[in-house]
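A quick write-up on the structure given underneath.
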Amino acid sequence: MSTSTTASVSTHILDTSVGRPAAGVAVRLAARGGRAADWQDLGGSATDADGRCKDLPALPEGTTQVRLDFEVEPYLEESTNKQADAQQDAPANRDSGAVFFPEVVITFAVTPGEHYHVPLLLNPFGYSVYRGS
């Protein structure tokens, strides 16, 4: 049993449309000490070549809820353009030319002393998250 007074958070992103990590995605972290409290922006990071955010800020003592904001639009635009170039004869992947999910925001509850790894599985038309290990 951990005696830490704060929880910790990590994340990574896998692009399921190409079966690879999503590198260079900006991730912001916010926390609050209860659902009625204001969100405190803690800063952010970006995913590395393995799709991992290894240097997210520490959570303040008393944090009970965390929000991860993944800014996926630039990544998806670049990824879709690369795929279109590689598959010139393939039908267009999107109808409007706009990214369907420009950002993904995940909010979850935390308990002091626990570690929360929250992977994002991403593709141009959907996403999924879960509590990893």
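No value in this document is a laboratory result; all are computed from the given coordinates. Treat the numbers as computed from the prediction; the structure is a model and nothing was measured. Note that each Cβ is placed from the backbone with ideal geometry, even for glycine, and that neighbours are counted across all protein chains shown.
A few comments on the model shown:
- Added length on full extension, which subtracts the Cα-Cα distance from 0.36 nm per residue, SER133 to ALA36: 32.0 nm
- Counted residue by residue at 0.36 nm each, then reduced by the alpha carbon distance between them, the extension gain from LEU121 to ALA98 reaches 6.3 nm.
- Taking Cα centre as origin and charging only the Cβ of basic (Lys, Arg, +1) and acidic (Asp, Glu, -1) residues, the dipole magnitude of the range 8-129 rounds to 320 debye.
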